[in-house]
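Some notes on the structure that comes next.
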Amino acid sequence: MESAGPDEQAPQLSLASGPAGYLTDASGAAVYFMEGNYDGSQCDETCERAWPPVVASNGKAQAGTGIDGALVSSAPRAKGGQHVTYGGYAIYRYAGDQGPGRTSGDGVKDKWGQWHVVRPDTKRK
């Protein structure tokens, strides 16, 4: 089952308030990327339960204040819609965060890969 947030139609990415320096979705939840996972294909259905993808079913994701709009894009999903990408990486939320202002997924290494919070300077290597 796919987890879609309130921003599914045309998600907006913003810079977290304060000195945190990471990106959030419209609800204020931190967004993450997995090393080497550019199009979202490395995160299967089980992975998506822990790491719900940021998707756009209609429209392109928007870049909020402090975000370089040129780094915001999308990749087609096999399940339909578009997987939002930033700096060339598919982005996700972390189910373990339990609300805005949390970044407990940063640095997590699990069976799918190594996860990091998305920062304004995150770019595919």
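A compact table of results
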read-out	value
Positions within the stretch 62-75 being in contact with a strand residue (DSSP E or B) (Cβ under 6 Å, 6 or more places away or on another chain) and either open to solvent by 10 Å² or more (accessible area, probe 1.4 Å) or not hydrophobic (A, V, I, L, M, F, W, C) (or both), in sequence order	Q62, A63, G64, G66, I67, G69, L71, S73, S74, A75
Among the residues listed as V108, V118, the single one being closer than 10 Å to A30 by Cβ and open to solvent by less than 60 Å² (accessible area, probe 1.4 Å)	V118
Flag if P6 is modelled with pLDDT under 90, of a type outside the set (V, I, T) and out of contact with any Cys (no Cβ under 9 Å at 6 or more places or on another chain)	yes
Identity of the residue in the stretch 16-27, more than 12 Å from the chain's Cα centre (by Cα) and either over 12 Å from T122 (Cβ atoms) or at pLDDT 90 or above (or both), that ends up least open to solvent (accessible area, probe 1.4 Å)	A16
Members of the stretch 11-47 found to be among the polar types (S, T, N, Q) and over 19 Å from A78 (Cβ atoms), listed by number	Q12, S14, S17, T24, S27
Criterion violated by T46 - all others in (1) open to solvent by less than 60 Å² (accessible area, probe 1.4 Å); (2) not in a loop (DSSP other than H, G, I, E, B) satisfied	(1)
Condition met for R93 (open to solvent by less than 50 Å² (accessible area, probe 1.4 Å) and touching a residue at least 40 places away in the same chain (Cβ under 8 Å))	yes
Any chance G99 is in a loop (DSSP other than H, G, I, E, B), under 14 Å from A30 (Cα atoms) and either modelled with pLDDT under 90 or not small (G, A, S) (or both)	yes
Qualifying residue in the stretch 33-42 (condition: under 23 Å from D121 (Cβ atoms), in contact (Cβ under 8 Å) with a residue 40 or more places away in the chain, in contact with a Lys or Arg (Cβ under 7 Å, 6 or more places away or on another chain) and open to solvent by less than 30 Å² (accessible area, probe 1.4 Å))	yes
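The values are calculated or read from the model by the stated rules, or taken from the named source; none is laboratory data. All values derive from a computational prediction rather than experimental measurement. No Cβ is skipped: glycine too gets one built from the backbone with ideal geometry, and neighbour counts run over all protein chains shown. Ligands, DNA and RNA are stripped out before the accessible areas are found, and what is left, the full protein with its side chains, is counted by its heavy atoms. Shrake-Rupley method; radii C 1.70, N 1.55, O 1.52, S 1.80 Å.
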